[in-house]
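Quick notes on the structure that follows.
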Amino acid sequence: MTLRSAALLLIAVGWMMHPGPLAGQEPDIAAATVEVADAAAPPTDPEAEPVELTAAEKREAAARKFRAWSLVPPLVAIGLAIIFRQVLFALLAGVYGGGLVLAGGEPLSAFRTMCTDLIQPAAVDDYHVVTLLFTFFLGSMVGVMTRSGGTTALVNWVGGRATTRERGQLTGWGLGFLVFFDDYANMLLLGGTLKPLTDRLKISREKLAFLIDSTAAPVAGLAAVSTWVGVEIDAISEGFVALGGEGISYVYFLETIPYRFYPIYLLAFVFAIAWTGRDYGPMRRAEVRAATTGQLIRPGSSPASADEVEVEDARPRLVNALLPIAVLVGLLAAVMWATGLEATGEDGWWPSGEGNSVRKVIETADSFTALLIASLAASLTACATAAATGALSVKGTAEAWVSGAQGMFPVAVILILAWSVGQACESLGTGNYLADVVAPYLAAEWLPAAGFLIAAAIAFSIGSSWTTMAIVIPLLVQLGAKLIGSPGEGIATIASEPAMLGTIGAVLAGAIFGDHCSPISDTTVLSSAASGCDHLDHVSTQMPYAATVGWISLVCGYVPAGFGVPGWICLPIGLIACFAVVRLVGSRVDHASSMTDDAATA
């Protein structure tokens, strides 16, 4: 650390520890919600039980109380991560910054608040615990598969025709569509599977992280059946229910897909990059380094997971990889189907009740339970297969299982701290504050473009696309009804307007865009870990590509959609723009490799 960096850190810490205008504020966020509720409510019976506020009401109350101070956690975390390129301490500082605001500027109280009100709730949340266990179990599975030689056999089989860098990248892009039902499963499964293939073809780890990160969330978000569908439908329905209408139908949800320009354009952009072999910006520098020197990661970088795993001297057997993966995918689908049937009240193995369908079964399925059961079963299957085929001894199998889980420990720490920053943003009402600041300046024609940018800014700040959807969509649906609708016009008519469909699609897409660019996003962390890439290297190389596609989505998609241009016209224009940017701005990496070889020969 340089003197300049140390000075910047001391200044930041000193500013954060100074009580300033927050001194004396009530540290309890619940108190803030009570104050706001009491101020707006008429006098009531003192003996009556206090009214419990909803989560949305608590966020709105917090946003009114803390206002611009609610931006401290994401600004500190993202700013320090960029300056020092150390994401762990940056995230920890962001969490402490949130605790400092909640504690009214008292440094010691802030530390307690950070531990008890931010980190602890984030770590013990049921969904977060399952995500951590799933990550560890999948790491164990990959560790056993790799040490037993199964991964090598799988790569030789899958990538048999991937003899060039372009074919290797297209293989990664194509496999991303196979695991369409969940983005977490997509990233962690494909990262461990593709890593040996991309290493053999001298494709940088930064490019591998980009390939799996840029196909995971877009594919899951666009899929007609995935773990995202229920969250997206619920967020949209909440907005229309607040207007006095009813929850939306599945068909209306599908009507928003043509307006999700960013994930559609991004998938096309990734294909163009892989097919042409062209890159630009930081990604091209990483690719040139890997192609010319064989250095798959940047010298001096810190990969987010264990990088090299020792492989036993055994003949690679395809069954050591195929059987665990088959158990993982098969059990994941089976448990999701079973929990979905249970949630819909079905007794048999096929939906037959009134109002039930295959789509409804998948939408109501418990994906987290399925992930936990499938990942543990798959990791144990990998152990049993490795021992049964003689690829590993019982002791070697146990060591590989533990070693694979240990390799995911840094990922677990980053995830917990990223969730803690999100918890701080939730307590401070960060998302609601940003939406409230921008909303008064919107016009109906600019609503889709503004929705895309607002969602991107909030997702970038809090690192969660799902939370962003839940916050922004209800707000913009209600705002859009006022700006788009005419007096006496029904909710159903307003909902079918291209501007409204474009606004909802823009928020769903903008949440993914901001998530892709955010260094505190859990999906960005997981893709870094799955590919064995330094987290900040992944963020810095992916961000220019994401920003390019985001700009194309804005200019070719959401601005025209706001003025009534149908999505079927906007889509081909943006797709052409994606291929044109790659062709005109990018350049082939093998050209740089050839020039380097010629220079070395001379």
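For THR292, are the conditions met, namely being at pLDDT 80 or above, surrounded by fewer than 21 Cβ atoms within 10 Å (Cβ to Cβ) and more than 22 Å from the chain's Cα centre (by Cα)? Yes: the conditions hold for THR292. Among the conditions (1) modelled with pLDDT under 90; (2) in contact with a Lys or Arg (Cβ under 9 Å, 6 or more places away or on another chain), ALA321 misses just one, which is (2).
One residue stands out among those in the range 166-209 that are among the basic types (Lys, Arg) and touching a helix residue (DSSP H, G or I) at 6+ places or on another chain (Cβ under 7 Å): the one that is surrounded by the fewest Cβ atoms within 10 Å (Cβ to Cβ), which is LYS202. The residues on offer are ALA398, ALA377, ALA382, and the sole one that is part of a helix (DSSP H, G or I), within 22 Å of ARG317 (Cβ to Cβ) and without any contact (Cβ under 8 Å) to a residue 24 or more places away in the chain is ALA398.
Inside the range 126-141, residues that are under 12 Å from GLY407 (Cβ atoms) and open to solvent by 50 Å² or more (accessible area, probe 1.4 Å) make up a count of 1.
Here is a yes/no grid of residues against (1) within 30 Å of ILE473 (Cβ to Cβ); (2) at pLDDT 90 or above; (3) within 26 Å of the chain's Cα centre (by Cα):
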| residue | (1), (2), (3) |
| --- | --- |
| LEU380 | no, yes, no |
| CYS425 | yes, no, yes |
| LEU428 | yes, no, yes |
| TYR441 | yes, no, no |
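For GLY463, the conditions (1) at pLDDT below 80; (2) farther than 30 Å from ILE325 by Cβ; (3) open to solvent by less than 20 Å² (accessible area, probe 1.4 Å) all hold with the exception of (2).
Is it fair to say THR548 is within 30 Å of PRO73 (Cα to Cα), modelled with pLDDT of 90 or more and open to solvent by less than 40 Å² (accessible area, probe 1.4 Å)? Yes; evaluated as a whole, the condition is true for this residue.
The values are calculated or read from the model by the stated rules, or taken from the named source; none is laboratory data. Quick caveat: nothing in here was measured; it's all calculated off a predicted structure. FYI the Cβ positions are ideal-geometry reconstructions off the backbone, even for glycines, and counts take in every protein chain you see. SASA here: full protein model, heavy atoms, side chains in, ligands and nucleic acids out. Shrake-Rupley method; radii C 1.70, N 1.55, O 1.52, S 1.80 Å.
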